[in-house]
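Okay, structure first, notes after.
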Amino acid sequence: MLDADFFRRWLTAAGDLVDREADRLTELDSAIGDADHGSNMQRGFAAVAAALEKESPGTPGAVLTLAGRQLISTVGGASGPLYGTLLRRTGKELGDAAEVTPAQFADALRAGVAAVAQLGGATAGDKTMLDALEPAVEALGEGVDSFAGAREAAERGALATVPMQARKGRASYLGERSIGHQDPGATSSALIVAALAQAVPS
Ligand code: ADP
Ligand code: MG
(Lines give C-alpha, C1' and ligand atoms only; values in the text may rest on other atoms or scores of the structure.)
(Ligands and ions follow the chains in the order given, each with its own letter.)
Protein backbone atom coordinates (compact mmCIF):
# COMPACT_ATOMS: atom_id res chain seq x y z
CA MET A 1 0.00 0.00 0.00
CA LEU A 2 1.11 3.57 -0.72
CA ASP A 3 0.57 6.14 2.04
CA ALA A 4 1.13 9.89 2.35
CA ASP A 5 4.79 9.29 3.26
CA PHE A 6 5.34 7.40 0.02
CA PHE A 7 4.00 10.32 -2.02
CA ARG A 8 6.07 12.80 -0.01
CA ARG A 9 9.19 10.70 -0.69
CA TRP A 10 8.26 10.54 -4.40
CA LEU A 11 8.00 14.31 -4.80
CA THR A 12 11.12 14.91 -2.71
CA ALA A 13 13.09 12.43 -4.86
CA ALA A 14 11.68 14.06 -8.01
CA GLY A 15 12.86 17.46 -6.74
CA ASP A 16 16.34 16.05 -6.06
CA LEU A 17 16.56 14.64 -9.61
CA VAL A 18 15.33 17.95 -11.04
CA ASP A 19 18.05 19.79 -9.06
CA ARG A 20 20.69 17.39 -10.32
CA GLU A 21 19.54 17.62 -13.97
CA ALA A 22 18.48 21.30 -14.02
CA ASP A 23 21.35 22.40 -16.25
CA ARG A 24 20.53 19.67 -18.76
CA LEU A 25 16.83 20.60 -18.81
CA THR A 26 17.73 24.23 -19.45
CA GLU A 27 20.21 23.24 -22.17
CA LEU A 28 17.51 21.20 -23.94
CA ASP A 29 15.10 24.14 -23.60
CA SER A 30 17.71 26.52 -25.01
CA ALA A 31 17.79 24.46 -28.25
CA ILE A 32 14.03 24.53 -28.92
CA GLY A 33 12.58 26.93 -26.33
CA ASP A 34 13.58 29.80 -24.08
CA ALA A 35 16.15 28.17 -21.78
CA ASP A 36 14.09 28.26 -18.59
CA HIS A 37 12.82 24.71 -18.10
CA GLY A 38 15.49 23.73 -15.55
CA SER A 39 14.95 26.83 -13.42
CA ASN A 40 11.15 26.57 -13.77
CA MET A 41 11.19 23.00 -12.49
CA GLN A 42 13.67 23.78 -9.70
CA ARG A 43 11.58 26.69 -8.46
CA GLY A 44 8.41 24.60 -8.61
CA PHE A 45 9.79 21.58 -6.79
CA ALA A 46 11.47 23.73 -4.13
CA ALA A 47 8.05 25.26 -3.42
CA VAL A 48 6.53 21.77 -3.30
CA ALA A 49 9.11 20.59 -0.75
CA ALA A 50 8.59 23.70 1.41
CA ALA A 51 4.79 23.37 1.36
CA LEU A 52 4.88 19.65 2.18
CA GLU A 53 7.20 20.39 5.11
CA LYS A 54 5.04 23.23 6.41
CA GLU A 55 1.58 21.71 6.01
CA SER A 56 2.37 17.98 6.29
CA PRO A 57 -0.78 16.75 4.52
CA GLY A 58 -1.95 13.38 5.86
CA THR A 59 -3.31 11.54 2.82
CA PRO A 60 -1.95 10.69 -0.66
CA GLY A 61 -4.66 12.84 -2.23
CA ALA A 62 -3.82 15.84 -0.04
CA VAL A 63 -0.06 15.52 -0.73
CA LEU A 64 -0.63 15.51 -4.50
CA THR A 65 -3.20 18.31 -4.61
CA LEU A 66 -1.03 20.56 -2.41
CA ALA A 67 1.99 19.87 -4.64
CA GLY A 68 -0.03 20.56 -7.78
CA ARG A 69 -1.23 23.90 -6.40
CA GLN A 70 2.37 24.90 -5.67
CA LEU A 71 3.51 24.09 -9.21
CA ILE A 72 0.64 26.10 -10.71
CA SER A 73 1.33 29.13 -8.52
CA THR A 74 5.15 29.19 -8.71
CA VAL A 75 6.10 28.01 -12.22
CA GLY A 76 5.66 30.74 -14.81
CA GLY A 77 6.12 28.59 -17.91
CA ALA A 78 3.70 26.30 -19.73
CA SER A 79 4.98 23.37 -17.71
CA GLY A 80 3.70 24.74 -14.36
CA PRO A 81 -0.03 24.55 -15.07
CA LEU A 82 0.46 21.26 -16.94
CA TYR A 83 2.41 19.47 -14.17
CA GLY A 84 0.20 21.16 -11.57
CA THR A 85 -2.86 19.74 -13.31
CA LEU A 86 -1.22 16.31 -13.48
CA LEU A 87 -0.70 16.19 -9.71
CA ARG A 88 -3.96 17.89 -8.72
CA ARG A 89 -6.09 15.67 -10.90
CA THR A 90 -4.24 12.53 -9.75
CA GLY A 91 -4.72 13.62 -6.13
CA LYS A 92 -8.38 14.34 -6.65
CA GLU A 93 -8.89 10.85 -8.09
CA LEU A 94 -7.37 9.33 -4.94
CA GLY A 95 -9.92 11.10 -2.73
CA ASP A 96 -9.27 11.05 1.02
CA ALA A 97 -8.06 7.45 1.39
CA ALA A 98 -5.20 7.06 3.91
CA GLU A 99 -3.52 4.46 1.67
CA VAL A 100 -3.94 3.41 -1.95
CA THR A 101 -2.86 0.37 -3.96
CA PRO A 102 -0.37 0.73 -6.82
CA ALA A 103 -3.24 -0.18 -9.17
CA GLN A 104 -5.39 2.65 -7.78
CA PHE A 105 -2.45 5.01 -8.17
CA ALA A 106 -1.95 3.87 -11.80
CA ASP A 107 -5.63 4.57 -12.57
CA ALA A 108 -5.47 7.99 -10.89
CA LEU A 109 -2.29 8.91 -12.74
CA ARG A 110 -3.91 7.86 -16.02
CA ALA A 111 -6.70 10.35 -15.30
CA GLY A 112 -4.07 12.97 -14.43
CA VAL A 113 -2.27 12.42 -17.74
CA ALA A 114 -5.60 12.67 -19.60
CA ALA A 115 -6.22 16.02 -17.86
CA VAL A 116 -2.80 17.26 -19.09
CA ALA A 117 -3.73 16.23 -22.65
CA GLN A 118 -7.04 18.04 -22.35
CA LEU A 119 -5.56 21.23 -20.89
CA GLY A 120 -2.72 21.48 -23.40
CA GLY A 121 -4.57 20.06 -26.40
CA ALA A 122 -1.62 17.76 -27.19
CA THR A 123 -1.54 14.07 -28.08
CA ALA A 124 1.23 11.49 -28.31
CA GLY A 125 3.69 12.39 -31.08
CA ASP A 126 3.41 16.17 -30.60
CA LYS A 127 6.84 16.24 -28.89
CA THR A 128 5.71 17.14 -25.37
CA MET A 129 5.77 15.74 -21.84
CA LEU A 130 2.92 13.43 -22.92
CA ASP A 131 5.37 11.39 -25.01
CA ALA A 132 7.00 10.28 -21.74
CA LEU A 133 3.96 10.32 -19.44
CA GLU A 134 1.63 8.21 -21.58
CA PRO A 135 3.96 5.21 -22.03
CA ALA A 136 4.89 5.42 -18.33
CA VAL A 137 1.26 5.16 -17.24
CA GLU A 138 0.72 2.25 -19.63
CA ALA A 139 3.64 0.42 -18.03
CA LEU A 140 2.29 0.81 -14.49
CA GLY A 141 0.70 -2.35 -13.15
CA GLU A 142 -0.58 -3.96 -9.99
CA GLY A 143 2.57 -3.67 -7.93
CA VAL A 144 5.42 -1.31 -7.06
CA ASP A 145 7.74 -3.60 -9.04
CA SER A 146 6.17 -2.05 -12.17
CA PHE A 147 7.73 1.35 -11.28
CA ALA A 148 11.07 0.32 -12.84
CA GLY A 149 9.32 -0.57 -16.10
CA ALA A 150 7.48 2.76 -16.02
CA ARG A 151 10.82 4.54 -15.66
CA GLU A 152 12.23 2.71 -18.69
CA ALA A 153 9.09 3.44 -20.72
CA ALA A 154 9.30 7.15 -19.83
CA GLU A 155 13.00 7.30 -20.73
CA ARG A 156 12.34 5.59 -24.07
CA GLY A 157 9.45 7.99 -24.64
CA ALA A 158 11.64 11.01 -23.95
CA LEU A 159 14.33 9.72 -26.34
CA ALA A 160 11.69 9.10 -29.00
CA THR A 161 10.91 12.85 -29.07
CA VAL A 162 14.28 13.57 -30.77
CA PRO A 163 13.11 12.93 -34.39
CA MET A 164 9.66 14.47 -33.80
CA GLN A 165 8.55 17.88 -35.03
CA ALA A 166 6.94 19.86 -32.21
CA ARG A 167 3.25 20.59 -32.70
CA LYS A 168 2.51 22.20 -29.31
CA GLY A 169 4.17 24.73 -27.05
CA ARG A 170 6.99 27.14 -27.74
CA ALA A 171 9.04 24.56 -29.70
CA SER A 172 6.28 24.36 -32.34
CA TYR A 173 7.18 27.92 -33.45
CA LEU A 174 10.40 26.43 -34.83
CA GLY A 175 8.58 24.12 -37.23
CA GLU A 176 10.99 21.65 -38.81
CA ARG A 177 13.90 23.16 -36.88
CA SER A 178 12.51 21.51 -33.73
CA ILE A 179 13.49 18.12 -35.23
CA GLY A 180 16.67 16.54 -33.84
CA HIS A 181 16.37 17.77 -30.25
CA GLN A 182 14.99 15.98 -27.20
CA ASP A 183 11.95 17.67 -25.67
CA PRO A 184 12.74 19.26 -22.29
CA GLY A 185 9.31 18.51 -20.78
CA ALA A 186 9.45 14.84 -21.83
CA THR A 187 12.89 14.73 -20.21
CA SER A 188 11.66 16.18 -16.89
CA SER A 189 8.68 13.80 -17.00
CA ALA A 190 11.10 10.88 -17.23
CA LEU A 191 12.86 12.19 -14.10
CA ILE A 192 9.56 12.47 -12.20
CA VAL A 193 8.62 8.92 -13.19
CA ALA A 194 12.12 7.65 -12.29
CA ALA A 195 11.64 9.07 -8.78
CA LEU A 196 8.73 6.67 -8.16
CA ALA A 197 10.98 3.63 -7.86
CA GLN A 198 13.30 5.58 -5.56
CA ALA A 199 10.43 6.24 -3.14
CA VAL A 200 9.71 2.55 -2.57
CA PRO A 201 11.26 1.38 0.73
CA SER A 202 13.83 -1.37 0.06
P1 ADP B 1 7.71 27.42 -21.55
O2 ADP B 1 7.60 26.65 -22.84
O3 ADP B 1 6.52 28.27 -21.28
O4 ADP B 1 9.02 28.16 -21.44
P5 ADP B 1 8.81 25.27 -19.94
O6 ADP B 1 10.09 25.57 -20.66
O7 ADP B 1 8.89 25.19 -18.47
O8 ADP B 1 7.68 26.31 -20.37
O9 ADP B 1 8.24 23.89 -20.45
C10 ADP B 1 8.34 23.48 -21.79
C11 ADP B 1 7.77 22.09 -21.93
O12 ADP B 1 6.36 22.09 -21.68
C13 ADP B 1 7.91 21.51 -23.32
O14 ADP B 1 9.16 20.88 -23.49
C15 ADP B 1 6.75 20.52 -23.42
O16 ADP B 1 7.13 19.21 -22.98
C17 ADP B 1 5.75 21.07 -22.43
N18 ADP B 1 4.60 21.62 -23.11
C19 ADP B 1 4.49 22.85 -23.70
N20 ADP B 1 3.26 23.00 -24.23
C21 ADP B 1 2.58 21.84 -24.00
C22 ADP B 1 1.25 21.36 -24.29
N23 ADP B 1 0.36 22.12 -24.93
N24 ADP B 1 0.91 20.11 -23.86
C25 ADP B 1 1.80 19.34 -23.20
N26 ADP B 1 3.05 19.74 -22.88
C27 ADP B 1 3.44 20.96 -23.28
MG1 MG C 1 10.87 27.23 -21.54
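Which order do His37, His181 take when ranked by solvent-accessible area (1.4 Å probe, heavy atoms of all protein chains), largest first?
Numbers: His37 15, His181 65 Å².
These residues rank, largest area first, as His181, His37.
Semi-axes of the range 1-92's equivalent ellipsoid from the Cα gyration tensor, sqrt of 5 times each eigenvalue, largest first, rounded to whole Å?
Values: eigenvalues 115, 34, 21 Å².
Whole-Å semi-axes of the equivalent ellipsoid: 24, 13, 10.
Using Cα positions and a limit of under 23 Å, work out the lysines in reach of Lys127, with same-chain residues fewer than 8 apart set aside.
By straight Cα distance, Lys127 reaches Lys168.
Under a 1.4 Å probe, what is the accessible area of the chain per residue, stated in Å²?
With all protein chains present, the chain gives 44 Å² per residue.
Could you look at the range 2-199 and say what percent of its accessible area is carbon and sulfur, using a 1.4 Å probe and all protein chains? It would help to have the intermediate numbers written out before the result.
Values: 4190 of 8470 Å².
Ligands and nucleic acids excluded, carbon and sulfur reach 49 percent.
Gap in Å between the Cα centre of the range 167-202 and the Cα centre of the range 95-162?
12
Quick check: the angle from helix 184-199's long axis to the longest principal axis of the chain, C-alpha only, nearest 10 degrees?
Result, in degrees: 20.
Compute the projected area of the convex hull of the Cα atoms of the range 63-202, averaged over all viewing directions, and report it in nm² to one decimal place. All intermediate terms of the calculation are to be shown ahead of the outcome.
Details: hull surface 31.7 nm².
Computing the convex hull of the Cα atoms and averaging its projections yields 7.9 nm².
Along its three principal axes, how long is the range 31-141 when you only count alpha carbons? Whole Å, largest extent first please.
So the extents along the principal axes, rounded to whole Å, are 43, 32, 19.
Report, in degrees rounded to the nearest 10, the 0 to 90 angle that the Cα long axis of helix 4-32 makes with the longest principal axis of the chain.
The answer is roughly 10 degrees.
Grab the DSSP H runs of the chain that are 4 residues or longer, score each as -39,500 (n - 2.57), total them, divide by all residues and round the 222 nm result to the nearest 500 deg cm²/dmol.
Values: 8 runs with 137 residues, N = 202.
When only DSSP H runs of four or more count, the value is -23000 deg cm²/dmol.
Relative to the longest principal axis of the chain, what angle (0 to 90°, nearest 10) does the C-alpha long axis of helix 102-120 take?
40
The values are calculated or read from the model by the stated rules, or taken from the named source; none is laboratory data. Since this is a predicted model, take the numbers as computed values, not measurements. When the accessible area is computed, the model is the full protein with side chains, heavy atoms only, and any ligands, DNA or RNA have been set aside. Shrake-Rupley method; radii C 1.70, N 1.55, O 1.52, S 1.80 Å.
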